[in-house]
Amino acid sequence: MKRMKATVFHGKDQIRVDEVERPVAGVGEAVIRVTLTTICGTDLHILRGEYAVREGLIIGHEPVGVIEELGPGVSGYQIGDRVLVGAITPCGQCSACLSGHLSQCGHGAGYEALGGWRFGNTINGAQAEYLLVPYAQANLAKIPDELSDEQVVLLADIASTGFSGAESAQIKIGDAVVVFAQGPIGLCATAGAKLIGAALVIGVDGDETRLRMARRMGADVVLDYRAGDVVAEVKKITGGGADVAIEALGTQQTFENALRSLRPAGILSSLGVYAGKLQIPYDAFAAGIGDQRIVTTLCPGGKERMRRLMEIVRRGRVDLTPLLTHTFSLEQITEGYQVFGERGDGVLKVAIRP
Ligand SMILES: NC(=O)c1ccc[n+]([C@@H]2O[C@H](COP(=O)([O-])OP(=O)(O)OC[C@H]3O[C@@H](n4cnc5c(N)ncnc54)[C@H](O)[C@@H]3O)[C@@H](O)[C@H]2O)c1
Ligand SMILES: [Zn+2]
Ligand SMILES: [Zn+2]
C-alpha cells in the first residue's frame, strides 16, 4: 500500500498531519493529487467540536488537483488533467439530484439533508496529498489552461456558497441588497449581488480589513455594526428597507438584523450555519403576514457549477485571489489553522499547498 500525508481529525481541538494509506480509485471514482486546498470556517467548527465528524477522518473540502488515477466507468478524462472539484459532490442520479437539489443528494433514494457534502464530513477530505473523488463523472471539472490553481480554489466552496446567497434571493437588476457579515462567505455574497445586477450593495461587518475588502468586492456602502443601529441605517439608505438581505454568519443577531432590514415582501437569503435555537420575533416578521420569504442554501457543487464559476473568473467578471492572504505547506497546516482560527494578521483565506 502506498502512503500519503493527510490532515486527520483526532477529536476536539486535535488535528494532526499523519501518514495514512493512499486511496485507490474504484468503479466510478477518481484519485487526484491535490495541488492546492484551503481551510473553511466549517473546518474550524469541526476542530472545535461544534460540528461532529468521526475521529480518524481526513478533513477539508476545497480541492484543486491533477488526476492521478481513474476508476472503471469514468470517461472523457486523462491522467494528468488539472481539475477543480466542488466541496459538494452530488451523485447526479438520486431523486434529489435529478430534481435539481444537488446539495441534498439522497444517495440513491429520497433526499438527505446535507447529503451532497461528503468530503471531510462523511468521507475522507482534501487536506491531504491525494483525494478519492466519488461520482467522478459528475464532479471532476477540468480547469482551463489559462487559470491558475489560486484563481479557482475558492470556487469550490466559498464563492459557490456566497454567490448562491445572491442567486437564491432572486436578486433583480436594480435591487438594494444588504449583506450581514463580510467574512469570506459574505464577501463572495457581496460580489455575487453585484454580479447579478444589484444597484446598491451594503456590506456589514465590524472588522476594518474586511470592510475595506467588501468595497473591493463590490460593496457601495459599508457599515460597522458596532458603530450604531445598522438596521436603522439600512432603512435610511434604502428608503424603507432592502429588497434582499443576505445572512452570512449564522447568529440570532445577524439573522434578526437581516429580517428587520427588509422592506415588506423582501427576501432573506440565509447562508450561515446556526447552532441552538433560532427565533423569529413577531414584530420583525410583520406578525407572519408581511410576505417576506426566507430561503436557505447549502453550497452548490457538481462539475457544471464549477465550470460556470470558472467561466466567471476566466472572463474577468470576478477575481478572488485577494482573499488568499496566507500560504502554508501541508506539514504546516496546524499553523494555518491557528492563524485562520484566531483571525489574526488580516487573514481571510489560507492557501494550503500539499
Ligand atoms: N451555506 C453554506 O453552504 C456554507 C458554506 C460554508 C460556510 N458556511 C457558514 O457561513 C458562515 C460564515 O463563514 P465565514 O467563513 O465567512 O465566517 P468568518 O467567521 O470568517 O466571518 C464572519 C464575519 O462576521 C463578522 N461579524 C461578527 N459579528 C457580526 C455582526 N453582528 N454583524 C455583522 N458581522 C459580524 C466578523 O467580523 C467576521 O468578519 C459560517 O457560519 C459558516 O459555517 C455556510
Ligand atoms: Zn466549507
Ligand atoms: Zn444524488
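The values are calculated or read from the model by the stated rules, or taken from the named source; none is laboratory data. Being a predicted model, the structure only gives us computed values, none of them experimental. Using ideal geometry, Cβ is built from the backbone for each residue, glycine included, and neighbour counts are taken over all protein chains shown. Surface areas here come from the heavy atoms of the whole protein model, side chains and all, with no ligands, DNA or RNA. Shrake-Rupley method; radii C 1.70, N 1.55, O 1.52, S 1.80 Å.
Considering each residue of the stretch 65-77 in turn, at least one proves to be closer than 17 Å to A351 by Cα and surrounded by 18 or more Cβ atoms within 10 Å (Cβ to Cβ). Taken as a whole, the condition of being in contact (Cβ under 8 Å) with a residue 12 or more places away in the chain, touching a Phe, Trp or Tyr at 6+ places or on another chain (Cβ under 6 Å) and of a type outside the set (D, E) does not apply to T327.
Screening the candidates I46, I32 for the property of being away from ligand 1 (no atom under 16 Å from the Cβ), buried (at least 21 other Cβ atoms within 10 Å of the Cβ) and under 16 Å from R118 (Cβ atoms) yields one hit, I32.
Pairs are defined by a Cβ separation below 9 Å, a sequence spacing of at least 6 or placement on different chains, a first member in the stretch 244-255 that is on the phi > 0 side of the Ramachandran plot, and a second member that is among the β-branched types (V, I, T); the pairs so defined are G250/V273.
Among the conditions (1) in contact with a strand residue (DSSP E or B) (Cβ under 8 Å, 6 or more places away or on another chain); (2) surrounded by fewer than 17 Cβ atoms within 10 Å (Cβ to Cβ); (3) hydroxyl-bearing (S, T, Y), S95 misses just one, which is (1). Among the residues here, G165 does not qualify as at pLDDT 95 or above and either more than 16 Å from ligand 2 (Cβ to nearest atom) or farther than 22 Å from R315 by Cα (or both). Applying the selection to the stretch 53-94, what residues are modelled with pLDDT of 95 or more, of a type in the set (S, T, N, Q) and under 12 Å from Y135 (Cα atoms)? Of everything in the stretch 53-94, those that are modelled with pLDDT of 95 or more, of a type in the set (S, T, N, Q) and under 12 Å from Y135 (Cα atoms) turn out to be S75, T89. Scanning the stretch 131-166 for residues that are surrounded by fewer than 19 Cβ atoms within 10 Å (Cβ to Cβ), in contact with a helix residue (DSSP H, G or I) (Cβ under 9 Å, 6 or more places away or on another chain) and not polar (S, T, N, Q) gives K142, P144, E146, L147, E150. The residue that is farthest from ligand 3 (Cβ to nearest atom), among those in the stretch 253-270 that are closer than 19 Å to E167 by Cα and open to solvent by 20 Å² or more (accessible area, probe 1.4 Å), is R263.
Taking the condition of being farther than 30 Å from V133 by Cβ and either touching an Asp or Glu at 6+ places or on another chain (Cβ under 8 Å) or open to solvent by 70 Å² or more (accessible area, probe 1.4 Å) (or both), how many residues in the stretch 288-303 meet it? The qualifying residues number 3. For the stretch 304-351, filtered to residues that are crowded, with 20+ Cβ neighbours inside 10 Å and not hydrophobic (A, V, I, L, M, F, W, C), the residue that is nearest to ligand 1 (Cβ to nearest atom) is K349.
Take the conditions (1) touching a residue at least 40 places away in the same chain (Cβ under 8 Å); (2) away from ligand 3 (no atom under 16 Å from the Cβ); D18 misses just one of them, which is (1). When every residue of the stretch 136-152 is checked against the conditions, none turns out to be out of contact with any strand residue (DSSP E or B) (no Cβ under 8 Å at 6 or more places or on another chain) and at positive phi.
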